[in-house]
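The values are calculated or read from the model by the stated rules, or taken from the named source; none is laboratory data. In this text the structure is predicted, and so the values were computed from the model without any measurement. Don't worry about glycine lacking a Cβ; one is built from the backbone with ideal geometry, like all the others, and counts go over all protein chains shown. Ligands, DNA and RNA are excluded from the accessible area calculation, which covers all protein heavy atoms including side chains. Shrake-Rupley method; radii C 1.70, N 1.55, O 1.52, S 1.80 Å.
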Amino acid sequence: MIRKVMMAVRSLSFLSKLTIFGFLLATVPVIFIGAYAYVTSAGEIQKNVSAGKIQLLMQINSNVEQKLTTVNHTLNQVINSTVMKRALSQTLTAGDFMIYDNLRSEIRYMQSFDTRLEDVVLINQRYNWMIKNSGLYAFDQYPYRDELARLADTVDGGGWRLTPADWFYSEEATGAAGCGNNISLVKKLPSAGSEQYGLALANIPVCSMLELLKQDSGADSGIMIIDEQYRILLHSDEALIGQPVSAAGIDPLKLDDQNGQFNALIDHSSYSVSYYRSGLNDWFYLSTTSVASMTKQADSIGSYTLYVCLAMLLLSALVAWIGSRRMYSPIRRLLLQLGERATDLHNRRTNEFQAIGERVTGLFQSKSALESELRQHAPQVRTFFLIRACQGSVRPSEIAAKLKQFGYSEQLEHWRAMAAVTLQIDYSEDSRYSRDDQELLLFAVHNMLEELIPAHQQLAPFIMDQMIVAVIGSADQEAEAFDTMIYELTERMQQQIDSFLGVQVSIGISLSFRSFGSLAAAYREACEALKHRMKLGGGIIIPYANVNAGQPYLSLGYPAHIENELLDAIKLADKEKAKELLRSFMQAVFAAELAPQEYQIPLARLLNNLLVVMQESGIGLAQLHPASGSLLEELLGIRTAAEIEDWFWTKAINPLIRIFKDRQEEQYHNLSEQIIDLVQRCYDTDLTLEECAQRLHYNANYLSSVFRKETGYSFSEYLTMYRFQMARKWLETSELPIKDIAAKLCYTNPQNFIRSFRKQEGITPGQYREKRRTG
């Protein structure tokens, strides 16, 4: 029998032998793990239970502290109220109903909160009165006057105390009938005086607090609370309330940390005690659990683990014997496909795995070389794809899959809001760079943007049409927060580029969008916004939301250069330039030698694109053409070039310019009004244009251009004018000294104010005040 077994083992392939050995070897740690689990499960369970108990105690502590803090806060409001201060200084009788009623209203306000508060007691020993839920009493006739007086002598300032419910009669304890004790917040009155002759008590019945503990702890009945002097405040056994914690079988010396766990002998049984110490009032929250119940659970877990390990051992042996024969079949087929034969392996003194490993290593080397070459070209391929996506040459449904291939899985998963940003370099006569340096500057700015924009918020920036384009996204889908983040980021980009390269750039920002399928439209919006620097000047940040009343942009891409400039002039409400471009467009059309019918084609295309601009901007056709006829039919019915040009101007272009100008003026007017409002509210601070831009979330240069166009003054000129207006008002209507007026208007030196005032008005402030009053 043994000989047959040995022959069978020798006849097994290398893989079969290795499989049997592996399975048998795997069972050894399984057996050790089972034994270890059996031995250590009790300790782990106790540790886990203790951690869970501490978490429960922290939750209970949080809920109790919330109640206590609310009671403390509302009681402070009562004792510091005007009504209380007035009542403490006089005798109260049945005739002082108004004061009594006001005090009762304050107390009822305290009891309106969900704090389990049963009664609020106010005592004035000097004027011999006491107020409770049931009414007004003479303090010297109250049965528990001596006990309450002793309580007042022992309380130092205030704090929580355990008090007998009998002191306050049963008639106030309707909500907690049969409850023998209260947890009372005690404060001396008056709270701010050096002589204190009164007392305020806010009473929470112990029974109510026990109900709160039961709600938080569920079926766990082993919860108790002890105070900083180790006396039991709350316990399921009411006989222990007020007793030292040692009466419950717990050693107070072991409560020596913020939280922890220890074992204690309670009623001749071993218990695990978990505790948590409150940071508010040094109370301890304790939970007790029987060790026997946890050990019983550990025994069942250990036994179950042992049975599982034995089953796994038997199963491993069976699977190893049966599975090894089947597992070798695919290995043999793989060897044949690789061109390896058993005889060749024997001659080379190598096994199946070594042969397969050699072939796989060769494949991996080829794969690594190919991947290395692909990695070198990946940035160029990625840039080419992003350019095509912005041009609208990629189907929206394909963009997400392509971005995932380029390693943007995190952005696809987490981004909820996105925007396209276009950046273009502004050249000026005093710049140290010329347009010949443009390629180098674009390269430098491109590298800076890759570092300035956080990696998780960007698709890699790329250069396109002499602009740098970046797509920025965020997981924050709140529109206002996202717009603020984009604006602050672009402003930081602009500042850093200017600081390091000395180059001024303008930035256009698209409307925010949710889907990568809108990338092409967002790119065109950013380009459209950037075109407004022709009118507003360079070095500005222009969100598309401030252009065209924030209507989404849809470009149909008509290629004629003159027409594009004409459409831009219309959108910018530049009437003179639009008229000149219309004339140039007509001259170019009619300069061509065409048949009369063929002139209709470019004219119809111009009309069509004007209507497209109208629709894209949210302008109704009735605003341009109130009549019911067709604009195209009217156009085709005109016969001379001069009449056609006049028709385009009067019927389409000029009405569009008026609409865009009204929108622009409304936008500018709103911004200017907000700036003026800031000036009128903050003229007495060191207000700057940059601070206004930060508050309004706009670029400072853009605000400066808009404000000057709307008011005819620069920001600093208007601020100075308003300050002098206020100075003239104060000089005419008040007795403020001139130095105080100068200080209120943010002049560090009164002499500077006097010189500025004289330059503005022709006389000194003192002379102005005297002239106005004598005149």
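Measuring r between the beta carbons of residue 646 and residue 428 and using R0 = 45 Å, the FRET efficiency lands at 0.70.
Tell me the net charge near residue 103. Cut-off is 13 Å between Cβ atoms, residue 103 excluded, with +1 for each Lys or Arg and -1 for each Asp or Glu.
Working: positive: 85, 86, 104, 108, 132; negative: 96, 101, 106.
It works out to a net charge of +2.
Report the FRET efficiency, 1/(1 + (r/R0)^6), for residue 126 and residue 691, where r is their Cβ-Cβ distance and R0 is 51 Å, rounded to 0.05. It comes out at approximately 0.35. At the residue level, residue 491 shows approximately 50 square angstrom of accessible surface with a 1.4 angstrom probe and all protein chains present.
Using only alpha carbons, segment 214-292 has a radius of gyration to Kirkwood radius ratio (Rg to Rh) of 0.92. How many nm is it between the label spots at residue 192 and residue 760, if each spot is 7 Å from the Cα in line with the beta carbon? So the two model labels end up 4.2 nm from each other.
Gain on full extension, evaluated as 0.36 nm per residue between residue 677 and residue 515 minus their Cα-Cα distance, stands at 54.5 nm. Placing pseudo-labels 7 Å out from each Cα toward the beta carbon at residue 414 and residue 767 gives an inter-label distance of 6.8 nm.
Each residue of segment 578-584 was assigned a 3J(HN,Hα) from its phi angle through the Karplus curve 6.51 cos²θ - 1.76 cosθ + 1.60 (θ = phi - 60°); the sequence is 4, 5, 5, 5, 4, 5, 5 Hz, with glycine and proline shown as x.
Given +1 at the Cβ of Lys and Arg, -1 at the Cβ of Asp and Glu and no other charges, the dipole of segment 51-196 around its Cα centre is 320 debye to the nearest 20.
Take residue 488: with every protein chain present and a 1.4 Å probe, its accessible area is about 100 Å². Between residue 230 and residue 479, the FRET efficiency from the beta-carbon distance, with R0 = 51 Å, is close to 0.35. Ranked by solvent-accessible area (1.4 Å probe, protein heavy atoms only, all chains present), the residues 443, 406, 516 order from largest to smallest as 443, 406, 516.
Run the accessible area of segment 403-562 with a 1.4 Å probe and give the carbon-and-sulfur part as a rounded percent. The C+S portion of the solvent-accessible surface of segment 403-562 is 48 percent.
Here the spin labels are modelled as points 7 Å beyond Cα on the Cα-Cβ line, and at residue 636 and residue 256 they lie 10.2 nm apart.
Remark: accessible surface ordering of 162, 189 (largest first) is 162, 189, probe radius 1.4 Å. Solvent-accessible surface of protein heavy atoms, probed at 1.4 angstrom with all chains present, puts 91, 711 in the order 91, 711, largest first. What does the accessible area of residue 275 come to, in Å² to the nearest 10, when a probe of 1.4 Å is used? Number for this one is 10 Å². Expressed as a fraction of 2.2 N^0.38 Å, the C-alpha radius of gyration for segment 627-712 is 1.77.
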